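Everything below concerns the one structure shown next.
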Amino acid sequence: GRHEAGIAKSAWVAAAELSPDNIQTRLGLADRYYRERSLDLSQKEAEKILSIQPNHYQAKLMLGNTYLLQKKPREAKETFEALIQQEPDNPAGYFRMGLLHRLMGEHDMALSDFEKAMAINPKLMDVFTHIVILHVNNKEFETALEKCDSRIAETKDNPVILAILHNLKGQVYLTQGKTGEAEKSFQAALTENPDFLRPYYALAGIYLDQKE
């Protein structure tokens, strides 16, 4: 419960005070602060790590994340650019840069960043979802659906991923107002993974609308 979480955080703080140069302890504390949205404290812990190890990738990533949520685009961009330069084959930097560009309303640049991340690791469903959402926001519905269909065709023997893809396709149809097609996609998602809750909620919404 909340009491146990408070005790755990106190233990992290105490450990950091006892071993100020312990990178893992400070990274754990930065992550805990980040999850609590104590962004200034998370930022300080990340900065302390980088003062010890200037090229610590996870600390840079955490620092960039805090800048992103604090709506500090210049600082976030500089940090994510440094990540990409440091590890160009790591999709995390491109993904975060895409999130930043999307936050700034620069959709074409965001799409380019997300595509670069997917080129490195095609299995990143979070990134793929952002790509589809961007196309939907630009009212490029057919492109969004084609991307979903392409991934469904490529994905074999992975019912969890297939369920996510069918559900995503259903959401695209729902945005278009094509409830019949959306219903089929949500049903397909449940056929792949009956434990996936989102299609149930979507179908419930469709059925409620039909009754009114």
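The values are calculated or read from the model by the stated rules, or taken from the named source; none is laboratory data. Quick caveat, the model's predicted, so the values are computed rather than measured. Neighbour counts run over all protein chains shown; Cβ positions are idealised from the backbone, glycine included. In case anyone asks, the SASA skips ligands and DNA or RNA and just uses the protein heavy atoms, side chains included. Shrake-Rupley method; radii C 1.70, N 1.55, O 1.52, S 1.80 Å.
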Fill in the blank from the handout: Residue pairs qualifying under the 8 Å Cβ cut-off, at least six apart or on distinct chains, with the first in the stretch 109-127 being within 15 Å of Ile84 (Cα to Cα) and the second being among the polar types (S, T, N, Q) and at pLDDT 95 or above, are Ile120/Asn90
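Yes or no: Tyr173 among the aromatic types (Phe, Trp, Tyr) and farther than 17 Å from Ile152 by Cα? Give the derivation first.
Values: among the aromatic types (Phe, Trp, Tyr): yes; farther than 17 Å from Ile152 by Cα: no.
So Tyr173 does not fit the description; no.
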Fill in the blank from the handout: Here the residues within the stretch 161-178 that are β-branched (Val, Ile, Thr) and either crowded, with 18+ Cβ neighbours inside 10 Å or not in a helix (DSSP H, G or I) (or both) are Ile161, Ile164, Val172
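Filter the stretch 45-59 for residues that are without any contact (Cβ under 8 Å) to a residue 24 or more places away in the chain and farther than 21 Å from Ala92 by Cα and give the result. Give the derivation first.
Step one: filter the stretch 45-59 for residues without any contact (Cβ under 8 Å) to a residue 24 or more places away in the chain, giving 46-47, 50-51, 54.
Across the stretch 45-59, the qualifying residue is only Ser51.
Among residues belonging to the stretch 179-212 that are of a type in the set (Asp, Glu) and modelled with pLDDT under 95, point out the one that is surrounded by the fewest Cβ atoms within 10 Å (Cβ to Cβ).
The first filter runs over the stretch 179-212 and keeps only residues of a type in the set (Asp, Glu), leaving 181, 183, 192, 195, 209, 212.
Okay, now just the ones that are also modelled with pLDDT under 95, so 209, 212.
Values: Asp209: 9, Glu212: 4.
Out of the qualifying residues, it is Glu212.
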Exercise for the section: Tell me which residues, restricted to the stretch 51-65, are surrounded by 15 or more Cβ atoms within 10 Å (Cβ to Cβ) and over 25 Å from Met118 (Cβ atoms). Expected result: His56, Ala59
Exercise for the section: Scan the stretch 127-160 residue by residue and report those that are more than 26 Å from Leu103 (Cα to Cα) and open to solvent by 40 Å² or more (accessible area, probe 1.4 Å). Expected result: Asp149, Ser150, Ala153, Glu154, Lys156, Asp157, Asn158, Pro159, Val160
Problem - Of all residues in the stretch 72-114 being hydrophobic (A, V, I, L, M, F, W, C) and open to solvent by 50 Å² or more (accessible area, probe 1.4 Å), the one that is nearest to Ile131 (Cα to Cα) - result: Met109
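Here is a check on your reading of the model: is Pro122 assigned to a loop (DSSP other than H, G, I, E, B), open to solvent by 30 Å² or more (accessible area, probe 1.4 Å) and modelled with pLDDT of 95 or more? First the steps, then the outcome.
Details: assigned to a loop (DSSP other than H, G, I, E, B): yes; open to solvent by 30 Å² or more (accessible area, probe 1.4 Å): yes; modelled with pLDDT of 95 or more: no.
In short, no.
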Fill in the blank from the handout: Output for Cβ contacts, cut-off 7 Å, separation at least six or different chains, first residue within 15 Å of Ala182 (Cβ to Cβ) in the stretch 129-153, second among the hydroxyl-bearing types (Ser, Thr, Tyr) and surrounded by 13 or more Cβ atoms within 10 Å (Cβ to Cβ), reads Val136/Thr175
Completion exercise
Of (1) modelled with pLDDT of 90 or more; (2) under 26 Å from Leu99 (Cα atoms), Leu29 satisfies every one except (1)
